[in-house]
Amino acid sequence: MTSLELRQIHKSYGAYHALRGIDLAVEQGEFIVMVGPSGCGKSTLLKAIAGLESISSGQILIKGRDVSGQEPGDRGIAMVFQSYALYPHMTVAENMGFGLRMAKRPKAEIDAAVARAAKILRITDQLDKRPKQLSGGQRQRVAIGRAITRSPDVFLFDEPLSNLDAALRTQMRVELSGLHAELGATMVYVTHDQIEAMTMASRIVVLNRGAIEQVGSPLELYRNPDNLFVAGFLGAPRMNFFDVTVEAVSGGEARVAAPGLAPLAVRLAEGAAVAPGDRLTLGVRPENIALLSSPGEDAAIDGRVRLVEHLGRETILYVDAAPLQCVGSESGTGSLTVQIGQVTPVEAGGRVFLSIDPRDAYLFAGDGRQTVTARKPILSP
Ligand code: ADP
């Protein structure tokens with residue numbers, strides 16, 4: 001059943017067009033994560049769903065009801081904010097039961113709902129405390145508990161983990177995923193953090209400049225980005241991009257090359273309009289570039305290491321391979337990024353030979369709007 005449907009949502013602030021025709025259908029029980037860079041319209045869209053922001057045109061349906069003109073309290077949603085928004089003078093239990101008290105529900109029902117939410121969130125022993133006596137993580141649990149007690153049709157989360165430190169964020173990600181599984185509720189979650197999107201979402205919605213770039217499961221988007229924006233946004237370190245020229249097209253493959261990059265034959269999407277001489281963008285994720293122990297036929301790139309980051313379980317190399325330049329590179333220097341899944345003795349200044357498996361490479365049309373690469377299996381070959 002469709003739990004939430006957005007139809008052609010537009011929002012303008014004066015002359016500024018913040019949302020540009022958003023269409024999305026969310027099924028009951030999905031965990032949708034809307035992700036995109038700052039200013040792309042995520043919060044505006046979430047607030048529009050909540051009814052905290054009006055829309056310029058379009059329709060919002062919750063469980064088939066058009067709620068576009070309804071007050072927030074009548075929409076069947078509950079929202080959790082980054083700032084917790086707890087009442088300092090109320091206890092945890094009072095904060096959690098607030099929505100039901102406002103709705104004039106009987107005391108016994110409120111107490112039962114608060115007790116159940118507290119049990120789910122393991123904060124039963126905190127119910128008599130006030131917000132200032134709690135840690136950040138506990139406060140956010142109370143804010144989530146306040147949403148749970150209202151048994152909404154749709155939970156809305158606006159960057160709820162941004163105020164927490166890294167370790168707590170990781171813990172809360174796991175807890176939120178568990179909560180979603182336990183409640184089986186529909187959740188829409190907004191974040192700029194692609195790791196939260198990758199780890200929690202049933203489906204990710206990538207937003208850019210007020211429009212949807214792509215919708216799909218985390219691994220589908222990671223393996224089969226529709227365009228340059230999605231390819232560059234999901235994945236850290238970021239995908240490397242190079243300007244390349246098509247040398248030949250045959251057997252469904254395009255052979256591309258660039259100064260400093262040995263020719264690479266990449267499988268094309270069926271019907272892709274690619275011809276010799278075309279300028280394309282080649283994309284390769286840092287983990288799909290291999291370090292060769294010696295120069296050989298496999299070497300696509302001959303470079304010099306600018307910087308090494310030893311992270312323990314992996315090593316990140318920033319490699320200069322002039323004349324080959326990485327466009328919009330991670331380090332901002334034109335260096336390409338290589339991620340090795342182990343410790344390597346390579347040092348800054350050392351010469352390296354790198355290979356690229358063309359099955360893990362992407363090609364994007366000149367304007368970056370769409371990929372011309374054949375679909376890839378989710379699991380690497
Ligand atoms: P995000 O949550 O993705 O960072 P927002 O949804 O907050 O982005 O904002 C989207 C765009 O709309 C931004 O460019 C922002 O400056 C603009 N915007 C948001 N709220 C208002 C407002 N009340 N008046 C004018 N412009 C706004």
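Some points to look at:
- Against the chain, whose longest principal axis comes from its Cα atoms, helix 136-149 is set at around 60 degrees.
- Within a Gaussian network of the chain (alpha carbon springs, distance under 10 Å), most fluctuating of His180, His192, His310: His310
- Three semi-axes describe the equivalent ellipsoid of the range 233-364; taken as square roots of 5 times the Cα gyration tensor eigenvalues and ordered largest first, they are 26, 14, 13 Å.
- Descending semi-axes in whole angstrom, ellipsoid equivalent of the range 18-111, from the Cα gyration tensor: 28, 17, 13
- Whichever lysines have a C-alpha closer than 29 Å to that of Lys129, once near sequence neighbours (fewer than 8 apart) are set aside: Lys104, Lys107, Lys119
- Taking the C-alpha atoms only, the angle from helix 107-120 to the longest principal axis of the chain is near 30 degrees.
- For the chain, the Stokes-Einstein estimate of translational diffusion at 10 °C and a viscosity of 1.306 mPa s comes to 69 µm²/s, using the Kirkwood hydrodynamic radius over alpha-carbon pairs.
- Against the empirical curve 2.2 N^0.38 Å, the C-alpha radius of gyration of the range 122-222 lands at a ratio of 1.16.
- Simple Cβ-charge dipole of the range 99-223, Lys/Arg +1 and Asp/Glu -1, about Cα centre, in debye nearest 20: 580 debye
- Phi-based couplings in Hz for the range 292-306 (Karplus 6.51, -1.76, 1.60; Gly and Pro marked x): 8, 6, 8, x, x, 5, 6, 5, 9, 9, 10, x, 10, 6, 8
- Annotation: the residues Val154, Val338, sorted from fewest to most other C-beta atoms within 10 Å of their own C-beta, follow the order Val154, Val338.
- Using just its DSSP H runs of length 4 or more, each adding -39500 (n - 2.57), the chain gives a mean residue ellipticity at 222 nm of -6500 deg cm²/dmol after division by all residues.
- Using C-alpha pairs below 8 Å separated by at least 6 residues, the relative contact order for the range 233-364 is 30 percent.
- Value of relative contact order over the chain, rounded to a whole percent, pairs C-alpha under 8 Å and six or more apart: 15 percent
Read-outs: derived from the displayed coordinates by stated rules, not from any lab. Bear in mind the structure is a predicted one, so any value in this text is a computation, not a measurement. Note that we place each Cβ from the backbone using ideal geometry, even for glycine, and neighbour counts take in every protein chain shown.
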